[in-house]
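Student: Before I ask anything, let me first share the structure, which is written out below as C-alpha cells.
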C-alpha cells in the first residue's frame with residue numbers, strides 16, 4: 001500500500017511546513033513522487049486538490065491563533081503567506097463565513113479543517129467487518145476537577161471531527177455547570193446515578209445546537225437497528241455517544257469503532273479500567289472492547305440512548321449562545337421536575353438535604369457513595385464563573401464564585417474517599433454539610449432572579 005503511505009507522508013510534510021513555501025511540485029519532490037501523479041492521487045484519495053488542502057489547513061491554524069487573541073489579523077495574514085490583509089480576509093470569510101476580526105467572538109460556531117489521516121480498511125474471506133476512528137482524545141481521569149462523563153464525551157467526540165473544545169467551555173455552555181438532580185425512590189434505595197445527564201435531557205440537544213451541530217437521541221431499540229445506527233456513523237468518521245450503560249452503569253460512553261460486524265463495540269469510558277464494571281481486555285488500539293453491549297445496564301429501565309451527530313447546523317453568534325444558554329440555566333434552577341420522578345434544581349437541593357437528615361440506614365456505604373456521586377454536580381459550578389465574566393455578567397459571576405467556594409467546602413466536610421463514614425451515624429454531624437447545600441440553594445435562587 002505504498003500509495004497510501006505516500007499520501008500520508010505528503011500530509012505530514014504539509015503539516016510540518018505550513019509556514020514555508022509550498023506547491024505541488026515542492027511536496028511531490030519531498031516525498032519522491034512525480035508532481036502530476038502526486039496531484040491526481042492526492043485529489044482522488046482526499047477529495048481536495050493539493051493547494052486547496054494547504055489553504056484550508058493554513059486558514060484553520062490562523063483561526064486558532066486569532067481565537068487565542070494574542071495576534072493581529074495583519075500579523076496572521078503575512079505569517080500564513082498572504083500578500084495583503086484583504087486577500088487573507090476574503091479567503092478566511094469564504095471558508096469560515098465569518099470575518100477574521102470576529103472569529104474570537106463566534107469561534108465555537110465555526111468548523112475547523114483538521115489534518116487528514118489516511119486509513120484503509122480491507123475485509124474479505126471469513127473476516128467480519130471492523131472499523132475504527134483512531135486517536136480519540138481520552139479523558140484524563142486523574143484530573144479530579146473535570147469528572148463529568150457526558151461533558152468529557154462531548155469534548156472527545158467533537159474534537160475527533162475537527163473541533164477544538166475544552167471541558168470548561170463545554171461544561172458551562174451545555175448547562176452542566178448549573179444542573180442539580182436528585183431522586184431517592186425509597187428510604188433504603190439511593191440513586192447513585194442522580195448526576196447522569198439522562199435526568200436533564202434538555203442539556204443534550206442544547207449543547208450540540210450551541211456548538212453548531214445537529215444531534216438525534218435514539219431510545220434503545222432493536223439490536224439490529226441500534227447496531228446499524230452506530231456502524232453507519234463510525235463509517236462516516238463520526239463517533240457516537242451512548243448514555244446509561246454499554247460499560248456497566250456509566251453516564252456516557254464514546255463509541256469510536258466496531259468489530260465483528262458491530263457485535264463488538266470499541267470506545268472509551270473511564271470505567272473501562274474497573275474490573276467490577278468491565279472485564280474484557282482492551283483492544284490493541286487502547287479502546288475498550290464490549291461484547292453483548294445491548295444488554296445489561298443499557299437495557300435496564302428503557303433508559304439507554306444512542307446520540308447520533310448528524311452534521312453541522314446553523315451557527316449562532318456569541319450573544320445568541322449566551323441568551324439561549326441563560327434561558328436554559330434558569331430552567332435548570334427553578335423547574336421542579338425535568339423528568340418524571342427526579343427532583344431538579346432548587347427542589348433537588350432540598351430533597352438531598354431531606355434525605356440526609358431524615359432517613360436512617362444501617363450501612364453508611366450507600367449514602368456515602370451517593371454523596372460522592374452527587375458532588376460531581378456541585379464541583380462543576382466553578383466553570384460558571386468565567387462563563388459569566390466572558391459574557392459581561394459580573395453580577396452572576398460573583399454569585400457563582402461564592403457557590404464555588406461553598407462547593408469546595410463540601411469535599412472538605414465529607415472527603416471523596418470513604419474516610420468519613422462515621423459521620424453518617426450521627427445526624428448532627430451531617431448538619432454542616434446540609435447547611436452548605438441550603439446556602440448554595442439560596443444563592444442559586446438569587447441568581448435565577450437576575451436572569
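The values are calculated or read from the model by the stated rules, or taken from the named source; none is laboratory data. Here the structure is a predicted model, which is why all the values come from computation and not from measurement. Here the Cβ positions follow ideal geometry from the backbone for every residue, glycine too, while neighbour counts run over all protein chains shown.
Student: Search the range 237-251 for residues being modelled with pLDDT of 85 or more and assigned to a loop (DSSP other than H, G, I, E, B), and hand back the single one that is surrounded by the most Cβ atoms within 10 Å (Cβ to Cβ).
Tutor: The extreme case among them is 246.
Student: Is the range 204-215 home to any residue that is within 26 Å of residue 248 (Cβ to Cβ), in contact (Cβ under 8 Å) with a residue 40 or more places away in the chain, touching a strand residue (DSSP E or B) at 6+ places or on another chain (Cβ under 7 Å) and in a helix (DSSP H, G or I)?
Tutor: yes
Student: Right, here's the next one. Check off (1) assigned to a loop (DSSP other than H, G, I, E, B); (2) buried (at least 19 other Cβ atoms within 10 Å of the Cβ) for residue 254 and give me the number that stays unchecked.
Tutor: Single failed check for residue 254: (1).
Student: Is there a residue being in contact with a strand residue (DSSP E or B) (Cβ under 8 Å, 6 or more places away or on another chain) and at positive phi anywhere in the range 234-244?
Tutor: Yes, some residue in the range 234-244 is in contact with a strand residue (DSSP E or B) (Cβ under 8 Å, 6 or more places away or on another chain) and at positive phi.
Student: How many of the residues in the range 432-444 are without any contact (Cβ under 8 Å) to a residue 60 or more places away in the chain and within 18 Å of residue 381 (Cα to Cα)?
Tutor: 5
Student: Restricting to the range 305-334, what's the tally of residues that are out of contact with any strand residue (DSSP E or B) (no Cβ under 7 Å at 6 or more places or on another chain) and not in a helix (DSSP H, G or I)?
Tutor: Going through the range 305-334 one residue at a time, the tally reaches 4.
Student: Mind checking which residues of the range 416-431 are closer than 18 Å to residue 379 by Cα and exposed (fewer than 14 other Cβ atoms within 10 Å of the Cβ)?
Tutor: 417, 418, listed by residue number.
Student: Assuming residue 284 fulfils every condition listed in (1) farther than 20 Å from residue 151 by Cβ; (2) touching a helix residue (DSSP H, G or I) at 6+ places or on another chain (Cβ under 8 Å); (3) assigned to a loop (DSSP other than H, G, I, E, B) apart from one, which condition is it?
Tutor: (2)
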